[in-house]
Structures are given as C-alpha cells and as structure tokens.
C-alpha cells in the first residue's frame, strides 16, 4: 500500500492529536441533541446552553489529560474549552457539520454549519476538522451528493493545512433487516475506500460488522483486517453508543486488525450525564472516567501507528520558500 503523504502542517497537527507512539486516543464530546436527551430524557428542550457548556467543560477538564485529543462542537464546546484552559496540551478536533436540528432526526444529506468553515476551525487553533455524513454505496444518488461535499471539504483542509477526519455512517435504503446486516461489512469497507479518495486524512469508522453478527469473532477479525488492507490511510473506531465493555472488545479486535485507535464518546462518559450533582459527577469522572480511558489507551497501543501509513512530504533546507500560503 502506497504511503499517504501529507504536508508539514498536517503532520504537526496529527502529532498533537495522537500519542507519542502514534495512536489516536480521542474523546468525543461534540454531541448536541443526543446530549440534551441524555441529560433530560423527558424534556430535552429544557436543557439550557449554560448547562450544556458547564457539563462539557467539566468532562473536558477532568478527562482531557487522559486523551491524545478531544473532539468538540463549535457552539458549546471548542471555544469554551480553550477559554477555560481545560484542554491543556491535548489536541483539539472540531466538527464542521450542522448537528443540531431542533431535536428532529438529521437529514440524510450533509449540511455544514452556517457561518462556520474549515478556515475558521484552523484559525481557532484546532488540530483537525471532523465531518459526519450518512452514506450507502448502494444508493448512487446519495453517495454522489455526499462525495461532492466531502471532496470540497477535503480541498479546503488541504488549502488550510489541517487534517481532515471523515466519518461516513451507513444508512438503510429500505431493505429487509437481514439483507442490510449481511451487506454491512461490504458497505462499510466500500464507503471507507471511497472516502479515502476524497482528500481525507483519517477515517472515523463504525465497527465493520453489523451488531447482530458480532458474536462471530472470526468474522469480526477478518472484516477489520480487510478494511485495513483496503485503505492507504489510518482509520479509527467510533463507539456508536455501545456499552463500555463492548467497545473495549471492539477496540481490541479493530486494533489487532490494523486500526490506529479510537474516537470514543458515550461509551466512556454516558453514565455521568445522569448525575445531577456536580460534585458527584466530578468524583465519577476522576475515578471511573479516567480508569476507562486508561484501559482503552492500553488496548489501542497494540494498533497500527498512524506513522506507519502517513508520511510527511519531503523536506529540504529550502522547503519554506515554496511552502504554500492559504488562498
């Protein structure tokens, strides 16, 4: 597999968002609607912006030191974490898509957050741009529309010298559940393979076996290995709301099959949002939260370092003279 070459700027940003051994151990806290529903299941619309910010700042402040990076949203998370000093030396990824739809399901076609951009994410000092989008390789119209947006974002990330973390998530296309489950692995791999051609740098992916078939460990190992063989760039595992123990198992299998780490959300911090007392939340984060991240980081250390896949562009003593400026 040919090495994926990136610029000096992207290389440095990847170093800031990964461990010294070259693994992604990233905490995801870019949730908006899902976080409101978790905080107030019976009245999510009652959760105030101040409550969202306070909870995110508490989680980041307690757990950032246990992560190589933190993924945050631009509305309630990223700037607030920077201003509060909660990130320390931990890398920062920021989402680009519009992720809040007044508690309605997200539409299939990806929409970027108005008045937000790759340029502004870079200017804010972030180390990566994340774009979530739905995909299904067997839906040509959807795939073509999503590809156009992903390609455009990839070009903008290249222009502004910031790594692009693409997150294609499979959606159903009106087929029987058994057929969807049977095609799941093929579609995850095909979607990832296509995303890798669109100026992306890191792929944030679902576990490549449908939940109904994950009891077959051999199938899971084979799928992860096949996914790795299909790509010339690193991929990391997302948690998709599974339990912590399930995610540990998935990370172990995925990293043994070539994944370079994880970006984990509710599997780590999901329970803490149900604690209404701030002091009780802090105790949970300082104990259970940190222990979970340490355990996951130990597992991820067996994965493939991103430096095995991505290499910095050639550097000469005169590299600075031709290093491009952003348009």
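Residues that are assigned to a helix (DSSP H, G or I), closer than 21 Å to residue 198 by Cα and in contact with a helix residue (DSSP H, G or I) (Cβ under 7 Å, 6 or more places away or on another chain) within the stretch 216-232 comprise 226, 227, listed in sequence order.
At positive phi, within 18 Å of the chain's Cα centre (by Cα) and surrounded by 13 or more Cβ atoms within 10 Å (Cβ to Cβ): does that describe residue 261? Yes. Looking across the stretch 170-186 at every residue that is over 25 Å from the mean Cα position of the chain (by Cα) and assigned to a loop (DSSP other than H, G, I, E, B), the one that is modelled with the highest pLDDT is identified as 176. In the stretch 187-197, the residue that is farthest from the chain's Cα centre (by Cα) out of those that are touching a residue at least 40 places away in the same chain (Cβ under 8 Å) and surrounded by 20 or more Cβ atoms within 10 Å (Cβ to Cβ) is 187. Going by the conditions given, is residue 93 touching a residue at least 60 places away in the same chain (Cβ under 8 Å), closer than 26 Å to residue 17 by Cα and part of a strand (DSSP E or B)? Spelling it out, residue 93 is indeed touching a residue at least 60 places away in the same chain (Cβ under 8 Å), closer than 26 Å to residue 17 by Cα and part of a strand (DSSP E or B). Among the listed residues 279, 321, 297, identify the single one that is in a helix (DSSP H, G or I) and either buried (at least 17 other Cβ atoms within 10 Å of the Cβ) or touching a strand residue (DSSP E or B) at 6+ places or on another chain (Cβ under 6 Å) (or both). Only one candidate passes the filter, namely 297.
Residues in the stretch 252-272 that are assigned to a helix (DSSP H, G or I) and closer than 17 Å to residue 290 by Cβ: 266, 267, 268, 269, 270, 271, 272.
Identify all residues within the stretch 14-33 that are closer than 19 Å to residue 305 by Cβ and buried (at least 24 other Cβ atoms within 10 Å of the Cβ); write none if there are none. Walk me through how you get there before you give the answer.
Initial filter on the stretch 14-33 (closer than 19 Å to residue 305 by Cβ): 14-26.
Within the stretch 14-33, 14, 17, 18, 23, 24, 25, 26 meet the criteria.
Check whether at least one residue in the stretch 116-128 is under 25 Å from residue 228 (Cα atoms), at pLDDT 95 or above and touching a helix residue (DSSP H, G or I) at 6+ places or on another chain (Cβ under 8 Å), and report yes or no. Yes, the conditions are met somewhere in the stretch 116-128. Given the structure, is residue 303 farther than 29 Å from residue 54 by Cβ and at pLDDT 95 or above? When the stated conditions are applied, residue 303 passes them.
The combined condition, being under 17 Å from residue 78 (Cβ atoms) and part of a helix (DSSP H, G or I), is not fulfilled by residue 126.
Which one is surrounded by the fewest Cβ atoms within 10 Å (Cβ to Cβ) among residues in the stretch 113-132 that are touching a strand residue (DSSP E or B) at 6+ places or on another chain (Cβ under 6 Å) and within 25 Å of residue 171 (Cβ to Cβ)? Walk me through it before giving the result.
Taking the stretch 113-132 and keeping what is touching a strand residue (DSSP E or B) at 6+ places or on another chain (Cβ under 6 Å), we get 118, 121, 126-132.
Add one more test, that the residue is within 25 Å of residue 171 (Cβ to Cβ), and what stays is 118, 128-132.
On the way: 118: 25, 128: 27, 129: 26, 130: 25, 131: 24, 132: 19.
Here the residue is 132.
Answer with yes or no whether residue 289 is over 15 Å from the mean Cα position of the chain (by Cα), in a loop (DSSP other than H, G, I, E, B) and touching a residue at least 24 places away in the same chain (Cβ under 8 Å). For residue 289, the condition - over 15 Å from the mean Cα position of the chain (by Cα), in a loop (DSSP other than H, G, I, E, B) and touching a residue at least 24 places away in the same chain (Cβ under 8 Å) - is not met.
Filtering the stretch 264-276 to residues that are without any contact (Cβ under 8 Å) to a residue 40 or more places away in the chain and either under 18 Å from residue 28 (Cβ atoms) or crowded, with 17+ Cβ neighbours inside 10 Å (or both) leaves 267, 271.
All conditions in (1) touching a strand residue (DSSP E or B) at 6+ places or on another chain (Cβ under 8 Å); (2) under 20 Å from residue 289 (Cβ atoms); (3) not in a helix (DSSP H, G or I) hold for residue 241, with the sole exception of (1).
The values are calculated or read from the model by the stated rules, or taken from the named source; none is laboratory data. Please read all numbers here as calculations on a predicted model, not as lab measurements. In this analysis, Cβ positions are derived from the backbone assuming ideal geometry, glycine residues included, and neighbour counts consider all displayed protein chains.
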